[in-house]
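A.B. asks: Here you go, one structure.
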Amino acid sequence: MKKILFLHGFYASGQCVPAVALREAFAGRADVLTPDLPMHPQDALRFIRELIGREKPDLLVGNSCGAFYAQMIAPVVGIPALLGNPHFQMSEFLMQRIGQHEYKSPRKDGKQSFVIDENLVKEFAALEATQFDNWNPQFRDRVWGLFGEQDSLAHFGALQPFIPFPRRAYSHRR
């Protein structure tokens, strides 16, 4: 059976609505892995790479921050990826939200609150600066981005000429 690894957005968990919908849509046809990702970006990337090494998924599907991670990892590990509204500027997004927050879906570890601080913002900024460094042009047809034209949080229309993978726009409002 094929395996799909779903990487959720920053405020979400492996139990978010898109993760549950993906598991239901592929029930009996693919094993859909929907883990809770660590909050810190280097921890998340390390976790994802270890999970890929252990589970050997056939496809990465990422949403928002999860798509940000997937587009960096896919060309390195050689797994195709589908990116839903990838958020390429997480530091800018997080800077506006410094403080205590709640996850929007339950996490397996039971932790529902987290803090966004300036150190976390700096961690994401450092990663953003190198996010396309491992891009391989030969992998261009194996990573696809879907961009919601009306998404108010992850709207990167101005960056699209610089995005190295194919993209499709769709009408979506968050």
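A.B. asks: Along its principal axes, what span do the Cα atoms of segment 22-90 show, with the longest given first and each in whole Å?
C.D. replies: 35, 25, 22
A.B. asks: What lysines could a cross-link reach from LYS2, if we take a straight Cα to Cα line under 25 Å and drop same-chain neighbours fewer than 8 places away?
C.D. replies: LYS56, LYS108
A.B. asks: Taking amide hydrogens as modeled 1.01 Å from N in the peptide plane, which residues meet the under 5 Å criterion relative to PHE10, leaving out close sequence neighbours?
C.D. replies: CYS65, GLY66
A.B. asks: Give the dimensionless ratio obtained when the Cα radius of gyration of segment 2-170 is divided by 2.2 N^0.38 Å.
C.D. replies: My calculation over the Cα atoms of segment 2-170 gives 0.98.
Every number in this text was worked out from the coordinates using simple rules, so none of it is lab data. Here the structure is a predicted model, which is why all the values come from computation and not from measurement.
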